[in-house]
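Notes to accompany the following structure.
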Amino acid sequence: MGESTQSVSIRPATQDDQAFLMDLFASTRPEFSLLNLPESQMQALMSMQFNAQRQQYNAAYPQAESNIVWQDEERVGRILVDRAEREITLVDIALLPQYRNAGIGSKLLRDLLAEASLTKIPVRLHVFQTNPALRLYERLGFSRVNDQSAHVEMIFQP
């Protein structure tokens with residue numbers, strides 16, 4: 001948790017970040033490589049899935065704050081947070097594979113939970129049952145609210 005996370009910062013995503021966000025999205029979907037598609041078809045599928053996710057997020061969370069996560073001068077991930085009056089929703093958090101398990105996600109989550117504790121507003125998220133981050137969320141104090149599907153709904157009550 002030491003030096004590697006001290007240089008982590010966030011800034012609002014811009015149009016210039018679209019290619020990075022697409023690559024980041026692709027890095028979180030290793031199951032698509034099992035399809036064994038030609039590169040052009042894989043790109044088309046990935047683009048379609050990326051755009052579908054973006055449209056879904058925009059429709060469900062039109063006010064969400066989309067930030068790019070930086071470590072030093074490198075873009076390493078994204079965090080998408082919707083702050084409503086009664087609840088903060090962690091819509092999405094993703095890091096490139098080479099930056100996972102380095103404390104960056106933990107730092108971002110701790111910052112968000114500190115904000116929640118100050119404002120006394122709960123944080124809600126949804127995560128796939130199979131996502132290794134599930135254990136991290138539990139360690140940081142999230143509780144399972146509903147895990148009747150492929151997703152687990154979790155909440156942090158400050």
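The values are calculated or read from the model by the stated rules, or taken from the named source; none is laboratory data. Since we're looking at a predicted model, the values are computed, not measured. As a convention, Cβ positions derive from the backbone with ideal geometry for all residues, glycine included, and neighbour counts pool all protein chains shown.
Scanning segment 96-134 for residues that are in contact with a helix residue (DSSP H, G or I) (Cβ under 7 Å, 6 or more places away or on another chain) and touching a residue at least 60 places away in the same chain (Cβ under 8 Å) yields 96, 97, 102, 103, 104, 106, 107.
Please enumerate the residues belonging to segment 16-55 that are farther than 18 Å from residue 76 by Cα and in contact with a helix residue (DSSP H, G or I) (Cβ under 6 Å, 6 or more places away or on another chain).
First, pick out the residues of segment 16-55 that are farther than 18 Å from residue 76 by Cα: 31-49, 51-55.
Passing the criteria: only 46.
Whenever a residue of segment 54-70 is under 11 Å from residue 91 (Cα atoms), its partners that are part of a loop (DSSP other than H, G, I, E, B) and among the hydrophobic types (A, V, I, L, M, F, W, C), lying with C-beta atoms within less than 6 angstrom and at least six residues away or across chains, give the pairs 66/13.
Looking at this structure, is residue 106 within 12 Å of the chain's Cα centre (by Cα), under 24 Å from residue 11 (Cα atoms) and surrounded by fewer than 18 Cβ atoms within 10 Å (Cβ to Cβ)? So residue 106 fits the description; yes. So, of the residues in segment 21-44 that are under 18 Å from residue 102 (Cβ atoms) and assigned to a helix (DSSP H, G or I), which turns out to be modelled with the highest pLDDT? Per the stated criteria, the residue is 24. Please identify the pairs in which a residue from segment 135-158 that is without any contact (Cβ under 8 Å) to a residue 24 or more places away in the chain has its Cβ atom under 8 Å from the Cβ atom of a residue that is β-branched (Val, Ile, Thr) and surrounded by 13 or more Cβ atoms within 10 Å (Cβ to Cβ), counting only partners at least 6 apart or on another chain. Sorted first by the residue in segment 135-158, then by its partner, the pairs are 142/123; 142/155; 143/155; 144/152; 145/155; 146/152.
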